Amino acid sequence: MDIMSMSIEELGRVLTDAGQPAFRAKQLYEWMHVRLAASYDEMMNLPKALREKLAAEHPLTVLSKVVMMESKEDGTRKYLFRLVDGNVIESVWMKYHHGNSVCISSQVGCRMGCSFCASTIGGLVRNLEPSEMLGQIYAITRDTGERVDNVVVMGTGEPLDNYDNLLIFLRMLTDEKGLHISQRNITVSTCGLVPKLRELADEKLAITAAVSLHAPNDELRKTLMPVANAYSIAEIMEAVDYYIETTGRRVTFEYSLIDGVNDTPACAGELGRLLRGRNCHVNLIPVNPVKERNYRRSLVKNVLQFQKMLENEGINVTIRRELGSDIDAACGQLRRHYESLAGAEGV
Ligand code: SAH
């Protein structure tokens, strides 16, 4: 395990093996996870010999910024980071009136195969380590000089397909010995891996679960999301009800609207009947067209009508505000663009 994914207890073992007193574990943890040191040289209260030994044996997992694009309209920033092994991942920084949000990736690529999503086109490369999920937040905090208030695990990857690392990440991020971000300010988005969603409920965290539904029935959902062949909407709804019951948290449903595919009044009616009476919230996302696909986003009037029909069923609905449209690159497109350029130039 890399040093920035270790708990204080695990660090304690590394340090005592190196003949160091155990209290150094707390100092080291604080440098990495509160002061967000980018190198051992900054850790001035650690002996120089120890810093050199750690640097040689346990390099810090520091993400390096490859590209940062900032929206002139609203200050949204998209980052492309390089990992230690050369893979690149995307993260987004957004400013809202209720604070700063970061959207992070949980995997390099994705194997879920959703038909409208750019992140999955090259398949799954590998899972991210806990330190690499934290590292996106740390690098952005260092870069902006501002505290991150909210974290959404909605970038590239299926977080529940990287469950163990996700849990370590969530515990470290919310720990009072680390950045201490409130569990209530964290959202984890899943395409609906039912057994893992139930496991997450059993962790009894106060985080928000978001489920990507995108269709009101299995038949249509199967044409958009291969995962629908593994789990039915009925099974998802049972798991969602279990999550609500166990955690007391409201669940969010994400629904990307694709022109003429899933945005019809018939779909809105069916979705309304499905969700009616649940402690939930629906987030409508006009689909971001992806170059490799021929989906178009829904017309504004259809989005508004879809919203209205759900509201008539008493369902709470928001339409995702579009941020950073001038730096647009739908989920995963920045990374794909970079990799195709790198390939062309033989980098
Ligand atoms: N794998 C997780 C999290 C990553 S995707 C999940 O499926 O929830 C985050 C959200 O963006 C999901 O709701 C996903 O379906 C949606 N999404 C992906 N590509 C999109 C696109 N081109 N336009 C709009 N939403 C998209």
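The values are calculated or read from the model by the stated rules, or taken from the named source; none is laboratory data. Note that the structure is a prediction, hence the values are computed from the model and not measured. Here the Cβ positions follow ideal geometry from the backbone for every residue, glycine too, while neighbour counts run over all protein chains shown.
Residue count for the range 41-64 satisfying the condition of being acidic (Asp, Glu) and farther than 25 Å from ASP143 by Cα: 2. The residues listed here are ARG82, ARG111; of these, the one that is within 19 Å of the chain's Cα centre (by Cα), within 16 Å of the ligand (Cβ to nearest atom) and surrounded by fewer than 20 Cβ atoms within 10 Å (Cβ to Cβ) is ARG111. Residues in the range 1-54 that are within 28 Å of the chain's Cα centre (by Cα) and at pLDDT below 95: MET1 alone. Only one entry of GLY155, GLY135 meets the criterion of being outside any helix (DSSP H, G or I), touching a helix residue (DSSP H, G or I) at 6+ places or on another chain (Cβ under 9 Å) and in contact (Cβ under 8 Å) with a residue 60 or more places away in the chain, and that entry is GLY155. The set of residues from the range 89-107 being touching a Leu at 6+ places or on another chain (Cβ under 7 Å) and within 30 Å of LYS222 (Cα to Cα) comprises ILE89, GLU90, SER105, SER106, GLN107. Evaluated against (1) in a strand (DSSP E or B); (2) within 16 Å of the ligand (Cβ to nearest atom); (3) not charged (D, E, K, R), ASN100 falls short on exactly one condition, (2).
Have a look at THR252, THR247 and point out the one that is more than 16 Å from the ligand (Cβ to nearest atom) and not small (Gly, Ala, Ser). Give the derivation first.
Working: THR252 fails: more than 16 Å from the ligand (Cβ to nearest atom).
On inspection, the qualifying residue turns out to be THR247.
When THR208, THR223 are checked against the criterion of being at negative phi and surrounded by fewer than 20 Cβ atoms within 10 Å (Cβ to Cβ), THR223 stands alone in meeting it.
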